[in-house]
Amino acid sequence: MDVIVLGLMLLSLTIWLGLLGFWGQFWRTDQQLEVTETQLESLPVVCAVVPARNEAELLPTSLRSLLLQDYPGSFNVFLVDDRSTDRTANFAEGVAHALGKPQQLHIISGVSLPPGWSGKLWAVEQGIKSASKFAPDYFLLTDADIEHDPGNLRRLVAKAMQEDLDLVSVMVRLRCESFWEKFLIPAFVFFFQKLYPFRWVNNPNNPTAGAAGGSILIAREALEQIGGIQVIRQALIDDCALAQAVKKSRGAGEQGSKGAGEQGSRGDKGDKENNHAQSPMPNLQCPIPSQGRIWLGLSSLTRSLRPYDSLATIWDMVARTAYTQLNYSALLLLGTLVGMPLIYLAPPVCVILGAVWSNWAIALTGILGWLLMTFAYYPTIRFYKCSPWFALSLPAIAFLYTLMTLDSALRHWQGRGGAWKGRVYPSSDNL
């Protein structure tokens, strides 16, 4: 028995050494938008699209932050009232008038959700269609619960222009005030970075693609190149699906049209409409060309206003899409249910067993593994300004996230998967 336990612990330790040394340095927090040089040589036209469904409570803060951006170029906000019942549109108008900027805000009344679309993406599609009349160079896709730092848009545009990026996205600082938020929210970011190591995402020669939906700046050309929002209309994890489509399309576009002189400069529409992708939503597991231009990082200033004060609210947030992240695969779910305990629970269990059995080889190996995962998690804990002791809690946190993933699968099998804002999206096959 001792040999089996020691063998499992050595396997867990090997995995952690591999993750720390060879998995895109996912545990670091150095990819941050705030370090971007904000010098702008030109001022492209930008239109923000904000899908809003019953967000009247948050709009006085979130919409106000958008309308007060210090971006010196042309900037308009298109808020799509997604059939709200709380007078969202009235509150939005009140915010704009209070700031003396009613001409900068355009409110679109959303129409009924057609088959095959998620509610959010249908709202985004309507906003983009209206905003296109302004011929923007970039669209800012953002949520109604995001409070933008005054310089957020300026930094996003500067980043995109300086590095010739098709898409720039930031994982905004999530709310981390209550006990459950401090206990579980930093880990949400940590696990996201492990799934999509930011350094890999930002490397045009690496196929990994990811984005964070709270704040995405996308070039109009790039959106047209992939065929518009409709190509990901069924996606529940729409931000990452969009990032993958953009990263894949850039490579294809450069190979197929640049040599023929069709690759126009940023802002030139050219003939890209004729090259729109007509395929369904990209499979997140497919390899993609390695010439995309996207960037994903953290923001320490732009933040989410969405509260998650209880275990139940965080549980529902994770369970909504965890099984979707596994592509609704029972095999991947089984791998998760086996792999998570091996990686995260084995070290503390071995510490306890080693102490009880007086087997110091097992105990010391378990301590080393626990220290490695604590070392990996600590930068995220520090970024969120939480107590360092939370870094030691990763095994318990991972156990809860494993249960959330299992619950996500159960909800999917029961036809309750993807519930959000009063709508239920069982799977992309049934949309």
Top-ranked residue of segment 330-341 - restricted to ones that are over 21 Å from the mean Cα position of the chain (by Cα) and of a type outside the set (A, V, I, L, M, F, W, C), ranked as nearest to L406 (Cα to Cα): G335
Would you confirm whether any residue within segment 69-77 is of a type in the set (F, W, Y), within 14 Å of F139 (Cα to Cα), assigned by TED's automatic domain parsing to the domain that holds Q162 and out of contact with any Lys or Arg (no Cβ under 9 Å at 6 or more places or on another chain)? yes
Number of positions in segment 68-80 that are crowded, with 24+ Cβ neighbours inside 10 Å and among the acidic types (D, E): 0
Quick test for you: out of S393, S358, S427, pick the one residue that is among the polar types (S, T, N, Q) and at pLDDT 95 or above. S393
Would you check which residues across segment 184-207 are modelled with pLDDT of 95 or more, polar (S, T, N, Q) and touching a helix residue (DSSP H, G or I) at 6+ places or on another chain (Cβ under 8 Å) and list them? Q193
Could you list, in sequence order, the residues of segment 64-87 that are aliphatic (A, V, I, L, M) and touching a strand residue (DSSP E or B) at 6+ places or on another chain (Cβ under 7 Å)? L66, L67, V77, L79, V80
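Hey, among the residues in segment 159-211 that are small (G, A, S) and surrounded by 20 or more Cβ atoms within 10 Å (Cβ to Cβ), which one's nearest to D239 (Cα to Cα)?
A211
Do we find a residue being touching a residue at least 60 places away in the same chain (Cβ under 8 Å), out of contact with any His (no Cβ under 8 Å at 6 or more places or on another chain) and either among the β-branched types (V, I, T) or surrounded by fewer than 16 Cβ atoms within 10 Å (Cβ to Cβ) (or both) anywhere in segment 100-109? Working first, answer last.
Just the residues of segment 100-109 that are touching a residue at least 60 places away in the same chain (Cβ under 8 Å), to begin with: none.
No, the conditions are met nowhere in segment 100-109.
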E34 fails exactly one of the following numbered conditions: (1) within 13 Å of L156 (Cβ to Cβ); (2) of a type outside the set (F, W, Y); (3) outside any helix (DSSP H, G or I). What is the number of that condition? (3)
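The values are calculated or read from the model by the stated rules, or taken from the named source; none is laboratory data. Since the model is a prediction, treat every value here as computed from it, not as a measurement. Reconstructed Cβ throughout: ideal geometry from the backbone, glycine too, with neighbour counts over all protein chains shown.
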